[in-house]
Amino acid sequence: MLQLTQLSVRLAGQTVLHGLDLASGPQGSITCLLGPNGCGKSTLLRTLAGQLAYAGSIRHASQPDWQHHHGTLPAKVAWLPQDCGSNSRLSAVEVVLLGKLQTLGWRVPESLQQQARQQLAQLGLSAVAQQPLCQLSGGQRQMVFLAQALMREPSILLLDEPISALDLQHQQQVLALIEQQTRQRNMLTIMVLHDLNAARRYSQHCWLLQQGRVLAAGATAEVMTPALLSQLYHTPISSITADDGFALFYHGRHAQPA
Amino acid sequence: MSTLTLALTGRWQSWLGRSGLLLLAALLLAGSLLLDIASGPAQLSMTQVLHSLLQGEGGDGVIVWQIRLPVALMALAVGAALGVSGLVMQTVLHNPLASSYTLGISAGAGFGAALFIVAGSSLGLAEAWGLPLCALGFAFVAGSAVLLIGRHRGGNAESYVLAGIALLFLFQALLSLLQYLAAPDALAQIVFWLFGSLYKSGWHAVGLMWLTLLLACGVLARDAWRFTALSLSDERAASLGITVSRLRWRALALVSLLTGVAVAFVGTIGFVGLIAPHMARMLLGEDHRLLIPGAALSGALLLSLASVLGKWLSPGGLIPIGIVTALIGLPFFLLLILRRKGGQ
């Protein structure tokens, strides 16, 4: 479990995160981070990735000395920043290999290359393994970077809008894969999402962030309610129950039964 | 990204194929070195060159060992140094137009050298050490200034280049001021550093240049994978555990070292550092394990061929090599800008 206590971050003289007290779900579960644009979601993720100075404390069993990592990603953490549309000519498999940067030497052992190819195969990307990144679609590129993050064999996986560039089919594919890998590798996954229904379905824990403060946090089923979400996004949000029992959220007021 | 370069990289996908390409470049380089030794006011045949190289100083050996060989070896080392420093700058600053020449580091080193010629005697330093140190010092000043000003302006690709261009103008203006103030004999010496020339290279300078080159490349090679990761983007590199600002400082320090030493011995030579990395990238892709030697080889080849061309253009006149590389390099530079505008 990841425990944040009185976590504050200042950027360019302005306080962006105001004394957050948050606890994630246990290892093997997904915690989802929701909130309107500019509420500090990415800042929080970048702070957890060791990129920003902060006040307060961050605690996790795998990483007792978070504070010492300022400026550098902690060893047991993988972080997938929002896609910046890289135009690189590196091949997909080379990009995945970079996930093992710390162990890469002048010669790359065959076992490591094999691991990179397997990682791509798990995501159904074997066919494009040798293609340059610049020739892949946005969705494929995102999945290549996910494969790269998994190569780090992290205890904590930080994902910043991992499905924003994907069509519906690929969104489901990637989320199912994230869920499966989170369980299989007993990782703690913390994920920024904008899709409420995806968040409801795939996360067990949920943090709602508004203007750098915690609006609500807890088990997804308890936190993701139309009332709280409407308050979070300053717009009416209603829900119905889908066939499989999950709540489905939509924009607008619930039609009053006649 | 043109289809041509993709087709080319496709064919050279395997490590083996791309390593073979490096071997081919090394062979070309050996040929160019022999051609460079053979060319000059007294034209030698290839057999004469090979014979003198193997037999030592006797007959034509004096020309070969005392004059031609140090100059030809200097061309290789300086070309390689400029090629590698251009590559590293383009990678760490995310800009295809970056090189130590376009971003003012060469100009800084040139100003340092000129300052020593004008004012160095009053410092009581010997020229053999004082001048390279002064050039090196100002190369470091320029390199640090590019990083500091660029970061202050937001740290994106454009801000570093704008900072570099500002420094280029500053050091050029300071150099003009020195020229205006300098005594006639000092002025003649300063002009040498302005144009760049290989003809002052003695064995002492050649040795130091090669030592610097091998040392710097050795250190840079340790970061090869980190450079490859940085070629994706700053944030992607950070997400792989790289402390980007530290890597950038380390890289710029080595670029300043390579540039400072090169300028101290042969003056400012432009465009090699800009074009050589692009040639290497086109053929080898983005893997810096291959790109670092690749940029060194293509830089060395370019400067060596420019040296030969200079001798052919003016057999007795010894045109400064900086003018030759500028004349060849400028069209390539324009091509790069036009290609970039068209969107890659």
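A few remarks follow.
- Condition check for B:S245: more than 20 Å from the chain's Cα centre (by Cα) and closer than 25 Å to B:S144 by Cβ: yes
- Filtered residue count, segment A:84-111, keeping only those that are assigned to a helix (DSSP H, G or I) and either surrounded by fewer than 17 Cβ atoms within 10 Å (Cβ to Cβ) or facing chain B (nearest Cβ under 10 Å) (or both): 11
- When segment A:215-258 is filtered for residues that are of a type in the set (G, A, S), at pLDDT below 90 and in a strand (DSSP E or B), the ones remaining, listed by number, are A:S238, A:S239, A:A247.
- Flag for B:A221 being within 14 Å of chain A (Cβ to nearest Cβ) and in contact (Cβ under 8 Å) with a residue 60 or more places away in the chain: yes
- Residues in segment A:126-144 that are within 24 Å of the chain's Cα centre (by Cα) and among the small types (G, A, S): A:S126, A:A129, A:S137, A:G138, A:G139.
- Residue in segment A:200-214 that is in a loop (DSSP other than H, G, I, E, B), hydrophobic (A, V, I, L, M, F, W, C) and not assigned by TED's automatic domain parsing to the domain that holds A:R117 present: no
- Pairing residues of segment B:229-255 that are under 14 Å from A:V95 (Cα atoms) and more than 7 Å from chain A (Cβ to nearest Cβ) with residues that are in a helix (DSSP H, G or I) and among the small types (G, A, S), at Cβ distances under 7 Å and at least 6 apart in sequence or on separate chains, gives B:L230/B:A237; B:A237/B:A229.
- Test for A:Q210: is it in contact (Cβ under 8 Å) with a residue 60 or more places away in the chain, touching a Pro at 6+ places or on another chain (Cβ under 8 Å) and either within 28 Å of A:Q3 (Cα to Cα) or surrounded by 14 or more Cβ atoms within 10 Å (Cβ to Cβ) (or both): yes
- Qualifying positions in segment A:127-144 - outside any loop (DSSP other than H, G, I, E, B), modelled with pLDDT under 90 and surrounded by fewer than 18 Cβ atoms within 10 Å (Cβ to Cβ): A:C134, A:Q135, A:G138
- Here B:S19 fits the description: surrounded by fewer than 24 Cβ atoms within 10 Å (Cβ to Cβ), touching a residue at least 24 places away in the same chain (Cβ under 8 Å), polar (S, T, N, Q) and in a helix (DSSP H, G or I).
- Taken over segment B:52-78, residues that are farther than 16 Å from B:I105 by Cα and in contact (Cβ under 8 Å) with a residue 40 or more places away in the chain amount to 8.
- Total residues in segment B:23-56 satisfying the condition of being assigned to a helix (DSSP H, G or I), touching a Lys or Arg at 6+ places or on another chain (Cβ under 9 Å) and aliphatic (A, V, I, L, M): the figure is 3.
- Flag if A:A23 is on the phi < 0 side of the Ramachandran plot and either surrounded by fewer than 14 Cβ atoms within 10 Å (Cβ to Cβ) or within 13 Å of chain B (Cβ to nearest Cβ) (or both): no
- Residue in segment B:138-148 that is modelled with pLDDT under 85 and either under 18 Å from the mean Cα position of the chain (by Cα) or not aromatic (F, W, Y) (or both) present: no
- Of the residues making up segment B:187-197, those that are under 19 Å from B:G108 (Cβ atoms) and outside any loop (DSSP other than H, G, I, E, B) number 7.
- Residues of segment B:42-82 satisfying the condition of being aliphatic (A, V, I, L, M) and over 30 Å from B:L274 (Cβ atoms): B:A42, B:L44, B:M46, B:V49, B:L50, B:L53, B:L54, B:V62, B:I63, B:V64
The values are calculated or read from the model by the stated rules, or taken from the named source; none is laboratory data. All values derive from a computational prediction rather than experimental measurement. A quick note on method: Cβ atoms are made from the backbone with ideal geometry, for glycine too, and the neighbour counts reach across all protein chains shown.
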